[in-house]
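Q: Sharing a structure with you now.
The values are calculated or read from the model by the stated rules, or taken from the named source; none is laboratory data. Note that the coordinates shown come from a computational prediction; the quantities given were computed from them, not determined experimentally. Glycine gets a Cβ as well: all are built from the backbone with ideal geometry, and neighbour counts include every protein chain shown. Ligands, DNA and RNA are stripped out before the accessible areas are found, and what is left, the full protein with its side chains, is counted by its heavy atoms. Shrake-Rupley method; radii C 1.70, N 1.55, O 1.52, S 1.80 Å.
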Amino acid sequence: MTVDILIADDEAPALDELTALLRADARVGEIYRASSGAAALRVLSEASVSVVFLDIHMPGLSGLDLARALQQFQQRPAVIFVTADDSRAIEAFDVAAVDYVLKPVRAERLAVALGRAIDANLAGAPAVADEKIPVTVGSDTRLIRRADVRWVHAQGDYSRLWTASGSHLIRTPISELEERWHSAGFVRIHRSYLVHRDAVTSLHLSGNTPTVTLAEIELPVSRRLTASVRERLLRS
């Protein structure tokens with residue numbers, strides 16, 4: 001089986017090099033090329049591809065912008081970033097990239113990335129990497145997994161993420177987390193609280209003080225959200 005791919009990079013030598021490396025891979029079928037994000041979108045509107053290789057920095061529509069646009073596609077190709085910028089990996093995985101390959105590109109590393117993309121397509125959808133969230137612990141910055149977050153408490157423009165081992169304060173409002181994490185199973189139950197549906201152990205949604213219970217805490221449910229909370233949690 002072969003896969004059709006698109007390569008988008010505004011630097012012609014990089015585009016040529018990546019094309020040559022991928023043509024040497026027996027798993028690759030048709031190769032489409034674009035020198036900008038806008039050109040890549042035009043190609044994607046006309047051709048069906050399984051994998052997209054994107055540079056981060058392109059004029060106009062950047063690689064990250066293009067990846068965000070692809071999230072709206074009904075059949076979204078797997079996204080692999082190929083870039084010289086080693087500082088944008090967290091943002092890349094935040095838009096569900098399958099892999100992040102640094103330039104100069106080695107054939108062996110590219111083959112691994114392509115294999116991950118093909119595995120994702122065989123599974124029926126691009127592999128969505130679990131989001132990694134940078135948090136401060138003392139003088140260190142660490143990454144915690146979104147999958148380890150059980151509930152979120154709004155604290156002004158900040159949010160406190162609670163995991164089984166403790167909590168971490170991040171400078172992201174809960175409204176933004178609600179939007180980004182909706183598809184990952186997080187449910188807004190109150191203006192101050194967001195919970196992961198798998199962490200909920202019981203519901204008490206009748207009466208004047210509706211609540212949900214996690215193993216370690218009971219949290220209030222806004223009465224105006226009771227119907228949507230019941231629907232999302234019981235459906236799951």
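Q: Amide H to amide H, which residues 5 or more places from VAL3 or on other chains are under 5 Å from it, using H placed in the peptide plane?
A: Those qualifying (amide H under 5 Å, at least 5 residues apart or on another chain) are VAL28, GLY29.
Q: Of the accessible area of the chain, with the probe set at 1.4 angstrom, what percent is carbon plus sulfur?
A: 48
Q: Taking the highest mean first, how do the peptides 63-69, 12-18 order by number of other beta carbon atoms within 10 angstrom per residue?
A: Ranked from most to least packed, the peptides come out as 63-69, 12-18.
Q: Rounded if a/c is under 1.5, else prolate if a/b is larger than b/c, else oblate: which is the stretch 170-223, with a ≥ b ≥ c the root eigenvalues of its Cα gyration tensor?
A: prolate
Q: Determine the equivalent ellipsoid of the chain by diagonalising the alpha-carbon gyration tensor, then write out the semi-axes as square roots of 5 times the eigenvalues, largest first, rounded to whole Å.
A: Result for the chain: semi-axes of 40, 19, 15 Å.
Q: Once Lys and Arg get +1 and Asp and Glu get -1 on their Cβ, which of SER192, ALA24, LEU102 lies farthest toward the positive end of the dipole of the chain?
A: Among SER192, ALA24, LEU102, the one farthest towards the positive end of the dipole of the chain is SER192.
Q: Can you list the residues, at least 5 places off or on another chain, whose amide H is less than 5 Å from the amide H of LEU61, using H built in the peptide plane?
A: For LEU61, the qualifying residues are GLY37, ALA38.
Q: Once you charge only the Cβ atoms, +1 for Lys and Arg and -1 for Asp and Glu, what is the size of the charge dipole of the chain about its Cα centre, to the nearest 20 debye?
A: I would put it at about 1040 debye.
Q: Continuing with the same structure: Restricting attention to the alpha-carbon atoms of the stretch 111-236, what are Rg (one decimal) and Dmax (integer), both in Å?
A: Here Rg and the maximum Cα pair distance are 16.6, 58 Å.
Q: Another question, then. So if I average 1/r over every pair of distinct C-alpha atoms in the stretch 140-203 and take the inverse, what Kirkwood radius in Å does that give?
A: Roughly 11.8 Å, rounded to one decimal.
Q: Taking the Cα centre of the stretch 50-128 as the origin, how large is its charge dipole in debye, to the nearest 20, when only Lys and Arg (+1) and Asp and Glu (-1) carry charge on their Cβ atoms?
A: Using only the charged Cβ atoms, the result is roughly 140 debye.
Q: Report ³J(HN,Hα) in whole Hz for each residue of the stretch 210-219, in order, from the Karplus equation J = 6.51 cos²θ - 1.76 cosθ + 1.60 where θ = phi - 60°; Gly and Pro get x.
A: After applying 6.51 cos²θ - 1.76 cosθ + 1.60, I find x, 8, 10, 10, 9, 4, 10, 7, 10, 10 Hz.
Q: Which whole-Hz ³J(HN,Hα) couplings does the stretch 23-36 yield from phi under the Karplus relation 6.51 cos²θ - 1.76 cosθ + 1.60, θ = phi - 60°, glycine and proline marked x?
A: 5, 7, 9, 5, 7, 9, x, 6, 10, 9, 10, 8, 9, 7
Q: Step through the residues of the stretch 153-158 one at a time and calculate ³J(HN,Hα) from phi using the Karplus curve (6.51 cos²θ - 1.76 cosθ + 1.60, θ = phi - 60°), rounding each to whole Hz and writing x for Gly and Pro.
A: Karplus-based 3J(HN,Hα) across the stretch 153-158 equals 10, 6, 9, x, 7, 10 Hz.
Q: Using amide H atoms built 1.01 Å from N in the peptide plane, name the residues 5+ places from VAL82, or on other chains, whose amide H lies under 5 Å from its own.
A: LEU54, ASP55, ILE56, VAL101
Q: Before anything else, pin down the relative contact order of the chain: Cα pairs under 8 Å, at least 6 apart, normalised by residue count, whole percent.
A: Worked out over the chain, it gives 10 percent.
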